[in-house]
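Notes to accompany the following structure.
The values are calculated or read from the model by the stated rules, or taken from the named source; none is laboratory data. Only a predicted model underlies this, so the values are computations on that prediction, with no experimental measurement involved. So basically every Cβ, Gly included, is an ideal-geometry build from the backbone, and we count neighbours across all protein chains shown.
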Amino acid sequence: MSRNAESTAFRSALEVVRGVEPRVADAIAAELADQRESLKLIASENYASPATLLAMGNWFSDKYAEGTVGRRFYAGCQNVDTVEALAAEHARELFGASHAYVQPHSGIDANLVAFWAILADRVESPALRKAQARQVNDLTEADWFALRRELGDQRMLGMSLDAGGHLTHGFRPNISGKMFDQRSYGTDPATGLIDYDRVAEAAREFKPLILVAGYSAYPRKVNFRIMREIADSVGATFMVDMAHFAGLVAGKVFTGDFDPVPHAHIVTTTTHKSLRGPRGGMVLCGPELADQVDRGCPMVLGGPLPHVMAAKAVALAEARRPDFADYAQRIVDNAQALADGLLRRGATLVTGGTDNHLVLIDVSGYGLTGRQAEQALLDSGIVTNRNSVPQDPNGAWYTSGIRIGTPALTTRGLGATEMDATAELIHTVLSQTTPGSGPDGAPSKAKYVLDPAVAESVGKQAADLLTPFPLYPAVDLG
Ligand code: DSN
């Protein structure tokens, strides 16, 4: 597509929207302006290509398509079949998986599909059989009690939240924490790294049905070969949630023992993080679980989103191009440059560095909570998120960490020089911010003091850093 065509497409779309509800058109335009101006370091965000974005804005959104390719509960799904089959084919080829299910709407949904597929495969439950036979509406209250009783004792072992694990790996605020009896493995307090002997010990003691690997705030690679051996030693199904690092797997930065696909029984992911696709989820598995996975809708998913599956097909086609491997490597190179820049300036990093796309700063070294640091950085035009660190004394709300990631800035083209400049800006803000106090003068974990002149100066430098790397350069909304 020519750059001119991209600009015309987005301008025309906004013009049409503006004709109905101008405030929505204005908000869409304002979002582009905001994203263009901010130094986006949220590790789970990225910028999808114009082709991916445009594939979502159309009449595929109007179509119901429950079921799977060629086996739908609605008539007229031939074009949905085309895009769903294409997305699945690209996913299988890209990741070397024998089966891909591209319907999940999010990472949480993808994990739910995987959990139910594993339960259906592993647990003898007449009530579950009934539910899986697509008779959910026919289940009586007694059936639901039976389902709960038959499945309620199943065990899941996943990475603890404060070590970088994810809510959907069996933690209480998510349904997975209510579905499973959960125990977690942490990291070595001295190194911050996964201690595989401890994981094996926990698995031997707990005997989980499912061993989950994957993280949203662990800055290192995971050895999936060892994790599979641990799962096999206790008869667990090994599931990997690669949502954060799918782009690094697709780009062949994570290979061999660090590529989850050959080692796991089932792999879930989102499509919008390092993979740079539309907001959504996906499940990969072998033939043993394929049939159960394909029952994701209507078992746990609402009707598939054909417009998003179309965009997944486009983004996955992009990820199969040779230049995606270069992009994936640059994500990691940039994260390492950012980590090195912070370490040189005296920051404390969980595990002392990174070998993936993210860096976790322990901001207690600056005398701050994560919440104070997050807000001070935001005031200075730097968008990050607060995150727990292992054994965090400030809990999950205030936290002691700031998580930063490089997929988005790498998409814009920033490199090692700009990462060092970014490290300088982050260090400047954090070292010049001090904890504030509440109205009664008591120390506050949320309030902070930062000279507005410092915030303004850093904000200006952040904007200058971005100027040579325009976001969606071809898109001129006028
Ligand atoms: N919300 C995503 C993240 O920021 O890591 C994971 O669900």
| How many of the residues making up region 191-216 are part of a loop (DSSP other than H, G, I, E, B) and under 23 Å from Thr255 (Cβ atoms)? | 3
| message | Looking only at region 15-42, count every residue that is among the charged types (D, E, K, R) and within 22 Å of Val458 (Cβ to Cβ) and tell me the total. | response | 4
| message | Of the conditions (1) more than 16 Å from the ligand (Cβ to nearest atom); (2) within 30 Å of Thr467 (Cβ to Cβ), Asn46 satisfies every one except a single condition; which number is it? | response | (1)
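Search region 323-335 for residues being out of contact with any helix residue (DSSP H, G or I) (no Cβ under 7 Å at 6 or more places or on another chain) and either among the charged types (D, E, K, R) or surrounded by fewer than 20 Cβ atoms within 10 Å (Cβ to Cβ) (or both), and hand back the single one that is nearest to Leu360 (Cα to Cα).
Narrowing region 323-335 to residues out of contact with any helix residue (DSSP H, G or I) (no Cβ under 7 Å at 6 or more places or on another chain): 323, 325-326, 329, 335.
In the following step, the residues that additionally are either among the charged types (D, E, K, R) or surrounded by fewer than 20 Cβ atoms within 10 Å (Cβ to Cβ) (or both) were identified as 323, 325-326, 329.
Details: Asp323: 28, Ala325: 24, Asp326: 24, Gln329: 19 Å.
Among those residues, the one meeting the criterion is Gln329.
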| query | Can you name the helices (runs of 4 or more DSSP H) wholly within region 331-444 that have at least 3 residues being closer than 27 Å to Met159 by Cα and of a type outside the set (Phe, Trp, Tyr)? | reply | 370-379
| query | Is there any pair linking a residue in region 282-296 that is among the charged types (D, E, K, R) to one that is not in a strand (DSSP E or B), with Cβ under 8 Å and at least six apart or on different chains, and which? | reply | Glu288/Asp121; Glu288/His265; Arg295/Trp116; Arg295/Ala117; Arg295/Ala120; Arg295/Gln132; Arg295/Arg134
| request: Considering only region 276-328, state which residues are modelled with pLDDT under 95 and either within 22 Å of Ser49 (Cα to Cα) or in contact with a Gly (Cβ under 6 Å, 6 or more places away or on another chain) (or both). | output: none
| request: Within region 310-366, work out how many residues are of a type in the set (Lys, Arg) and under 16 Å from Leu41 (Cα atoms). | output: 1
| message | I'd like to verify a number: residues in region 262-299 that are surrounded by fewer than 20 Cβ atoms within 10 Å (Cβ to Cβ) and either within 16 Å of the ligand (Cβ to nearest atom) or assigned to a loop (DSSP other than H, G, I, E, B) (or both), how many? | response | 3
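Can you tell which of Asp197, Asp232, Asp241 is within 16 Å of the ligand (Cβ to nearest atom) and not β-branched (Val, Ile, Thr)?
On the way: Asp197 fails: within 16 Å of the ligand (Cβ to nearest atom); Asp232 fails: within 16 Å of the ligand (Cβ to nearest atom).
Just one listed residue meets the conditions, Asp241.
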| message | Anything in region 446-471 that is closer than 22 Å to Leu409 by Cβ, touching a Gly at 6+ places or on another chain (Cβ under 7 Å) and either among the aromatic types (Phe, Trp, Tyr) or surrounded by fewer than 18 Cβ atoms within 10 Å (Cβ to Cβ) (or both)? List them, or say none. | response | Ala463, Phe469
| task | Would you mind stating whether Ala396 is surrounded by fewer than 16 Cβ atoms within 10 Å (Cβ to Cβ), within 23 Å of the chain's Cα centre (by Cα) and not polar (S, T, N, Q)? | result | yes
| field | Residue in region 84-102 that is touching a Phe, Trp or Tyr at 6+ places or on another chain (Cβ under 9 Å) and either assigned to a strand (DSSP E or B) or modelled with pLDDT under 90 (or both) present | value | no
| said: Here are the criteria: (1) touching a Leu at 6+ places or on another chain (Cβ under 6 Å); (2) away from the ligand (no atom under 16 Å from the Cβ). Tell me which single one Met179 does not satisfy. | reply: (1)
| note | Of those in region 140-168 that are crowded, with 16+ Cβ neighbours inside 10 Å and assigned to a helix (DSSP H, G or I), the residue nearest to the ligand (Cβ to nearest atom) is Leu161
| Failed criterion for Gln78 (all others in (1) crowded, with 18+ Cβ neighbours inside 10 Å; (2) free of Cβ contacts under 8 Å to residues at least 24 places away in the same chain; (3) over 29 Å from Ala264 (Cβ atoms) hold) | (1)
